[in-house]
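Each value in this text was obtained by applying a stated rule to the coordinates, not by laboratory testing. All values derive from a computational prediction rather than experimental measurement. As a convention, Cβ positions derive from the backbone with ideal geometry for all residues, glycine included, and neighbour counts pool all protein chains shown.
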Amino acid sequence: MKVLLLDDVYNLGRAGDVKKVANGFGRNFLLPQGLAVLATPGALKEVERITAEANSRRTILNEEMAGVGEKMVGLQLQFPARAGETGKLYGSVTTQMLAADISEKIGVEISKRQIDSEPLRLLGMHNIKVRLTMDLIPEISVVVYRDGELPENYMVDAHVLAAGMEEFDEEELLDDDIEVENAEEETPAEETLAEDAPAEDVPVVEEEIVEEEVVESEEETDEETE
């Protein structure tokens, strides 16, 4: 369906733009929220007026939010978290958590809807955009560090850090495999040495001599009897 935007919609367009959107998105969100109307011939006649009014509102809003944007310059958030060996969190740092921490630090209420990010699920540094207006989108840094350690150890891009941790984990597994293989190779060698070792001297009983002595004794006994 085609709609005429009455207000700025992030990642879609500005007021006065005509956009083609999915029916569900248009009927369930844009139209009920008053953000757009169907792009009928009558509505399209109002494009110039809608655009001019939106530009005026946007200019005023940008001026009002400029001070908030300045407060976010160089802002860094830090969150301790539990994570596995590869840097993946047991859980996540949500947009609600980010918005609440920003609000507390700058003294201005920020909604989770203004956080342009998915929940954070990796240790390391993340760059997050905060939508104040269509034109004013400051970026802040968020450091997620392992609970019990120093945040300074995680001032590395989260994806780079995760890749390094996965590589280190793979190397450890490879080392373990090599150790196991070496141990398996050593075992047959030990067995071979045991097989090749000379047998201990075992006393040999002279059975034949004993038998001869027994026979001679029997013959002597027979002679005496006679």
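Of note:
- Residue match in segment 158-165 (condition: in a helix (DSSP H, G or I) and without any contact (Cβ under 8 Å) to a residue 24 or more places away in the chain): yes
- Qualifying positions in segment 122-145 - surrounded by 18 or more Cβ atoms within 10 Å (Cβ to Cβ) and assigned to a strand (DSSP E or B): Leu122, Gly124, Met125, His126, Ile128, Val130, Ile140, Val142, Val143, Val144, Tyr145
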